[in-house]
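The values are calculated or read from the model by the stated rules, or taken from the named source; none is laboratory data. Values in this document were obtained by computation on a predicted structure and should not be read as measured data. For neighbour counting, all protein chains shown are included, and Cβ atoms are generated from backbone atoms with ideal geometry for every residue, glycine included. These accessible areas exclude ligands, DNA and RNA; they are computed on the full protein's heavy atoms, side chains included. Shrake-Rupley method; radii C 1.70, N 1.55, O 1.52, S 1.80 Å.
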Amino acid sequence: MGDAAVAEPSDFVKFWNEVLVPKFIKWKHVLVGGLSRHSDAVFPRLEVHPGERVLDAGAGFGDTACMLAERVGPAGEVVAMDCCDAFLDFGRKEAAEKGLKNVDFVVADVEIYPFEGDFDMVFSRFGTMFFSNPVAALRNMRKALKPGGRLTHIVWRDRADNPWLSSAKEMVLRHLPVPGADAQTCGPGPFSMADEEMVRAQMKAAGFEDIVFERVDAKVRMGDDIEDSIGFQIALGPAGEVVREAGDLALDRDEEIRQDLTELLKPHVSDDGVWMESSSWMISARNPG
């Protein structure tokens with residue numbers, strides 16, 4: 001595997017690289033550090049063994065790839081794959097700082113990469129919800145696995161259990177219109193895999209067996225303070241999409257939006273930032289071969 005895409009980037013991938021990546025980088029301290037309690041809850045449960053070959057699909061900033069590389073040890077290997085090279089640069093730097101020689105960072109689209117069935121495990125943290133064609137992507141991830149190989153992916157549960165994302169959108173929609181059908185988005189969205197029955201059917205259609213859902217509840221650190229948290233909400237996620245699509249109208253109503261978001265967040269301020277409840281699924285399955 002080389003550090004190159006296997007096809008011309010789709011419009012969806014271009015949108016991520018050109019519009020979303022700079023925003024994600026600016027709010028990396030929330031998207032990585034703020035989700036640390038989810039990682040702390042999930043990683044001890046992962047079935048990862050020394051010497052294994054692991055694919056981190058939609059690896060983002062590469063922090064989970066480095067954690068996996070430590071788990072598989074020098075005899076193992078991790079391939080961190082993402083369509084956004086700017087994300088993977090952070091992983092390359094972290095791997096170099098930690099002296100990890102067993103992790104390779106590959107710029108490619110997991111949905112279409114020509115895998116060869118040589119991985120023991122595929123892992124994805126908060127990545128599969130954004131695939132434009134989830135069944136096709138899951139089927140391709142299964143092709144990456146050896147017979148009997150394992151998939152574990154982490155996705156958000158429903159909106160009601162994730163007020164850290166949903167409540168800000170509800171507040172913003174009091175001031176701005178719902179994005180149109182032609183809106184540019186990050187993909188199906190953070191809650192697209194919340195429904196267990198639907199996702200189980202998608203995974204079965206992709207050829208997986210022994211599908212298990214485990215609920216993980218953990219607070220998310222949304223920012224250093226209220227101002228930081230508001231900045232995150234209006235830049236990314238469901239609320240950010242509404243603001244982005246509203247254009248000049250969002251600028252005109254910025255002050256009122258920020259006032260309402262301040263009131264929303266005040267009860268969640270602590271000495272260590274702004275924390276709100278969140279809930280995810282850890283979904284495990286097996287490639288029957």
Only residues that are open to solvent by 60 Å² or more (accessible area, probe 1.4 Å) and part of a loop (DSSP other than H, G, I, E, B): list them for the range 152-172, please. ASP158
Taking the range 220-237 and keeping residues open to solvent by 20 Å² or more (accessible area, probe 1.4 Å) and under 16 Å from the mean Cα position of the chain (by Cα) leaves ARG221, GLY237
Of the residues PRO267, PRO288, which is assigned to a loop (DSSP other than H, G, I, E, B) and modelled with pLDDT of 95 or more? PRO288
Only one of (1) at pLDDT below 95; (2) open to solvent by 20 Å² or more (accessible area, probe 1.4 Å) fails for LYS101. Which number is that? (1)
Would you point out which residue out of LYS169, LYS98, LYS146 is charged (D, E, K, R) and under 30 Å from PRO288 (Cα atoms)? LYS146
Candidates ARG286, ARG200 - the one that is crowded, with 16+ Cβ neighbours inside 10 Å, under 30 Å from GLU47 (Cβ atoms) and in contact with a Gly (Cβ under 7 Å, 6 or more places away or on another chain): ARG286
Of everything in the range 251-281 that's without any contact (Cβ under 8 Å) to a residue 40 or more places away in the chain and polar (S, T, N, Q), which residue is surrounded by the most Cβ atoms within 10 Å (Cβ to Cβ)? THR262
If you go through PHE119, PHE87, the only one that is at pLDDT below 95 and either more than 20 Å from VAL13 (Cβ to Cβ) or surrounded by 17 or more Cβ atoms within 10 Å (Cβ to Cβ) (or both) is PHE87
Are there any pairs, at least 6 apart or on different chains, whose C-beta atoms fall under 9 Å, with the first in the range 199-226 and under 17 Å from SER166 (Cα atoms) and in a strand (DSSP E or B) and the second of a type in the set (Asp, Glu) and open to solvent by 50 Å² or more (accessible area, probe 1.4 Å), and if so, which? ASP217/GLU277; VAL220/GLU277; ARG221/ASP272
Is there a residue being among the small types (Gly, Ala, Ser) and part of a strand (DSSP E or B) anywhere in the range 241-259? no
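Taking the options VAL135, VAL178, name whichever one is part of a loop (DSSP other than H, G, I, E, B) and surrounded by fewer than 22 Cβ atoms within 10 Å (Cβ to Cβ). It would help to see each step written out before you state the result.
Values: VAL135 fails: part of a loop (DSSP other than H, G, I, E, B).
Just a single option satisfies the conditions, and that option is VAL178.
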Filtering the range 50-78 down to residues that are surrounded by fewer than 24 Cβ atoms within 10 Å (Cβ to Cβ) and closer than 14 Å to LEU151 by Cα, which residue is nearest to the chain's Cα centre (by Cα)? ARG53
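Out of all the residues in the range 138-151, which are in a helix (DSSP H, G or I) and either open to solvent by less than 40 Å² (accessible area, probe 1.4 Å) or in contact with a strand residue (DSSP E or B) (Cβ under 8 Å, 6 or more places away or on another chain) (or both)?
Here is the first cut: in the range 138-151, the ones in a helix (DSSP H, G or I) are 138-143.
Selection gives LEU138, ASN140, MET141, ARG142.
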